[in-house]
Amino acid sequence: MKLTVLVDNNTYIDQYYFGEPALCFYIENGDKTVLLDTGYSDIFIKNAAALGKNLAEADYIVFSHGHDDHTKGLKYLEKAQVPKAEVVAHPECFVPKYVGDLFVGSPYSKEQIAEKFGCNATAQPLQLGENLWYLGHIPRVFDHEISSIGYKEKDGVRADDYLDDDTALVYKSKKGLFIITGCSHSGICNICEYAKSVCGEQKIYGIIGGFHLFEDDEKLAKTVDYFVANKIEKLYPCHCVSLKAKHRMMEKLDVTEVGVGLSVEIE
Ligand SMILES: [Zn+2]
Ligand SMILES: [Zn+2]
């Protein structure tokens, strides 16, 4: 499995790719290719071309959740550019989302995506190729990870948005599980626990993605404790992890700086 970062907040010095506060990963795994999220603009298309990654190879476009920094890039993609790809997401991913008056949800409805690209909206785990799973609905088991952002609007009713749609991918490597996540609004510890149960494997080797950790608070401390207790060998925090949070992780764990163009290869 080879994962290449097509979009992240960070870019590396002397490597001239585009960055934005958003996320998109290109995952090559045997005969299947998966795009996780599409960023906020068209830069995932430009960066893919610059990095020699062919979007036409994509078999699946998985959305980690409905926020527009993960879904809005789809607006810039035509079906002809991804002829094979079907969208896979949680059924709640396309529910309109707001923060105050600002719309922060998917640019398309489920019906529009189904018509344009094909859509498998499922809360169940789904195997996307050899040793690679989409997790679907993440059960919330840790109290310290419960939080909401803005509100969602369903059938004319507004409710606090706990991001029920937030999901992740997991690759079952020879070294243990490798978790691939977007923003981890469902909680990175919750994601790890569910990945273990879906894959029937207790060892977590590594994690890449956003953990939605910003403050030096109890939530961060409990998350770092969980990573240490699980002996996670490789951490690639990005997108929505503050410098303070990375610093706390680096005190006890092996942390790699993520940026556009980074490739992680694991057997
Ligand atoms: Zn988000
Ligand atoms: Zn995000």
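Odds and ends about this structure:
- Cβ-Cβ distances below 7 Å connect the following pairs, each with a first residue in region 84-98 that is part of a loop (DSSP other than H, G, I, E, B), a second residue that is at pLDDT below 95, and a separation of six or more residues or different chains: 95/154.
- Whichever residue in region 63-106 is among the aromatic types (Phe, Trp, Tyr) and surrounded by 19 or more Cβ atoms within 10 Å (Cβ to Cβ) and, among such residues, is farthest from ligand 1 (Cβ to nearest atom): 94
- Unique match (being farther than 29 Å from residue 2 by Cβ and either touching a Ser or Thr at 6+ places or on another chain (Cβ under 7 Å) or modelled with pLDDT under 95 (or both)) among 103, 94, 63: 94
- Residues located in region 178-215, provided they are within 16 Å of ligand 2 (Cβ to nearest atom), β-branched (Val, Ile, Thr) and in contact (Cβ under 8 Å) with a residue 40 or more places away in the chain: 180, 181, 188, 191, 208
- Some residue of region 42-57 being on the phi < 0 side of the Ramachandran plot, surrounded by 24 or more Cβ atoms within 10 Å (Cβ to Cβ), in a strand (DSSP E or B) and out of contact with any Pro (no Cβ under 7 Å at 6 or more places or on another chain): no
- Filter result (closer than 14 Å to residue 62 by Cβ and in a helix (DSSP H, G or I)) within region 99-129: 113
- The one condition from (1) within 16 Å of ligand 2 (Cβ to nearest atom); (2) free of Cβ contacts under 8 Å to residues at least 24 places away in the same chain; (3) among the polar types (S, T, N, Q) that residue 54 does not meet is (1).
- The set of residues from region 172-231 being more than 23 Å from residue 38 (Cβ to Cβ), in contact with a Phe, Trp or Tyr (Cβ under 9 Å, 6 or more places away or on another chain) and within 16 Å of ligand 1 (Cβ to nearest atom) comprises 187, 190.
- If only residues of region 1-37 that are polar (S, T, N, Q) and closer than 24 Å to residue 243 by Cα are counted, the one that is farthest from ligand 2 (Cβ to nearest atom) is 15.
- Odd one out for residue 123 among (1) farther than 24 Å from residue 155 by Cβ; (2) more than 14 Å from ligand 2 (Cβ to nearest atom); (3) under 16 Å from the mean Cα position of the chain (by Cα): (1)
- Just so you know, in region 58-81 the residues that are more than 16 Å from ligand 2 (Cβ to nearest atom), part of a loop (DSSP other than H, G, I, E, B) and among the hydrophobic types (A, V, I, L, M, F, W, C) include one that is nearest to residue 17 (Cα to Cα), and it is 77.
The values are calculated or read from the model by the stated rules, or taken from the named source; none is laboratory data. The structure presented is a predicted model; accordingly, all values stated were derived computationally and were not measured. Note: ideal-geometry Cβ built from the backbone for every residue, glycine included; neighbour counts use all protein chains shown.
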